[in-house]
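Report on the following structure.
A short reminder: the numbers here are calculations on the coordinates, not readings from a lab. Remember, predicted model here, so these are calculated numbers, not experimental data. Cβ: placed from backbone, ideal geometry, glycine included. Neighbour counts: every protein chain shown.
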Amino acid sequence: MSEPAKAVVSLNSGSSSIKFGVYRLDAEHRPIHSAGGKFEKIGIAPSLRIATDTGEVLLEKSWSDGAGLTHADLLDFLFDWAHDHVEPHSIAAIGHRVVHGGTRFVTPQRVTPDLLDELETLAPLAPLHQPHNLVAIRTLQRLAPDLPQVACFDTAFHHARPEVATRMAIPRELHASGIRRYGFHGLSYEYIARKLAQIDPVLASGRVIAAHLGNGASLCAMLGGRSVDTTMGFTALDGLMMGTRCGQLDPGVVLHLQRQMGYSAEAVEAMLYKHSGLLGVSGISSDMRVLEADPSAAAKEAIELFTYRAAREAGALAACLEGLDGLVFTAGIGENAPAVRQAICQRLAWLGITLDEAANAAGAPVISTPESRVTVRVLPTDEERMIALHTVRLLTGA
Ligand code: ADP
């Protein structure tokens, strides 16, 4: 990529949605956001919205009879659009979020056939994500075989944690075989650490818990911008209660389900990943907006458990950090649900958090009072930008 007129596309592919960002590179190879958006309801009635950073909508489209459209069809459509959009720049590379890099891939990697084969072996460890991440890579290999692709791993940011944080109390040989706590949401946490260093360098140099609360949810304890521990473990099931995932669970429950209740391994997997969390506890929805609008006791119970578990795990991470200077909320719920932030902060008042209720209700960047011992911030995450930065860095050395 020696000429300046290049662009990169970041892809974050899930089972029924694909988020993406389109970036033009400036003369110093810095990615400048040009457009971003999301395909939703893939497999049912796909829709697409593309907008700029400032909210200008560039394209809105839905395919009402598009249940048969595959990820490949939609990516094909996107790349046609993106080629036209970035002109006179040309797309020089594609970066992908890949959830699991295992023990081996702790930095972004250029995609090769061997890399893809290895990443396939990790798919059972992230069944909701990894297969869809890899489908997008294989699809782009078919659509644009000469275009370099880069895999950016959610596990990578947690790679340098102290060894003790990576272990489960299981036999040594199992740890050696790779059964260890990896941690996820790393691209989001890396972005938060980077952004915090720009806007609040003093806080960024201290003891911070970042709370990524979306459909998937986790916490990361950061010291000086580096991950020292996180709530997710071997898979993205552990830790907090999530939209449809259970979070921390006594492993005896799994044995009970299989031995006493006759669950197959597939049924256990479906229960843990798809039927638990906010959806399972409420019996209503996995969507926080729906639950907040629902007056039932079951919806309230689900939200209470969500905030209780988040506060409980935050207390544990504060112990890992030996104190706390900052708490940063991010992702769909963290950025947009003041009542959830308030409930979590109330439970953490003992750590020295005093919430500014008006600032919290308004979604201000700082939502703690000036007297609060712990600074509480709301900071929108941007995994697509992090993918673009890694992709450019790997391909240009910039
Ligand atoms: P994903 O993990 O799929 O990227 P998001 O980060 O988009 O998920 O988060 C989705 C969650 O954010 C959903 O539970 C949704 O209800 C919640 N959310 C989004 N906007 C709001 C809002 N205004 N109030 C409450 N919850 C919200």
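In table form, for the structure just shown:
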read-out: For the stretch 340-398 versus the stretch 12-37, the gap between their alpha-carbon centres in whole angstrom; value: 22 Å
read-out: Sorted by Cβ density within 10 Å, fewest first, the residues M232, M168, M386, M271; value: M168, M271, M386, M232
read-out: Kirkwood hydrodynamic radius of the chain, Cα pairs, Å; value: 21.9 Å
read-out: Unit charges on C-beta of K, R, D, E only; dipole of the chain, Debye; value: 800 debye
read-out: 10 Å Cβ shell holding at most 16 others, DSSP loop, trypsin sites (Lys or Arg not before Pro): longest site-free stretch of the chain; value: 168-372
read-out: Tail weight of P(r) past 17 Å, computed on alpha-carbon pairs of the stretch 274-355, percent; value: 49 percent
read-out: Residues T52, T166, T381, sorted so that the one with the fewest Cβ neighbours within 10 Å comes first; value: T52, T166, T381
read-out: For the chain, the longest site-free run once GluC sites (Glu not before Pro) in DSSP loop states with at most 10 other Cβ atoms within 10 Å are removed; value: 57-321
read-out: Spin-label pair K274/L174, simplified geometry with 7 Å Cα→Cβ offset, distance in nm; value: 2.7 nm
read-out: Lys/Arg +1, Asp/Glu -1 at C-beta; the stretch 59-124 dipole; positive extreme among V86, H71, A123; value: A123
read-out: About the Cα centre, charge dipole magnitude for the stretch 1-149 (Lys/Arg +1, Asp/Glu -1 at Cβ), debye; value: 380 debye
read-out: Spin-label zone in the stretch 274-288 - amide nitrogen under 16 Å from a point set 7 Å from the Cα of R312 along the C-beta vector; value: 277-278, 281-282
read-out: Signed unit charges on C-beta, dipole axis of the chain, positive-most listed residue Y23, A160, A293; value: A160
read-out: Within a Gaussian network of the chain (alpha carbon springs, distance under 10 Å), most fluctuating of L219, L317, L128; value: L128
read-out: Two-site label geometry, A297 and A349: point separation in nm, points 7 Å out along Cα→Cβ; value: 2.6 nm
read-out: Summed residue charge, Cβ within 13 Å of A337's Cβ, Lys/Arg positive, Asp/Glu negative; value: -1
read-out: Relative exposure of L147, L394, L249, judged by other C-beta atoms within 10 Å (fewest first); value: L249, L147, L394
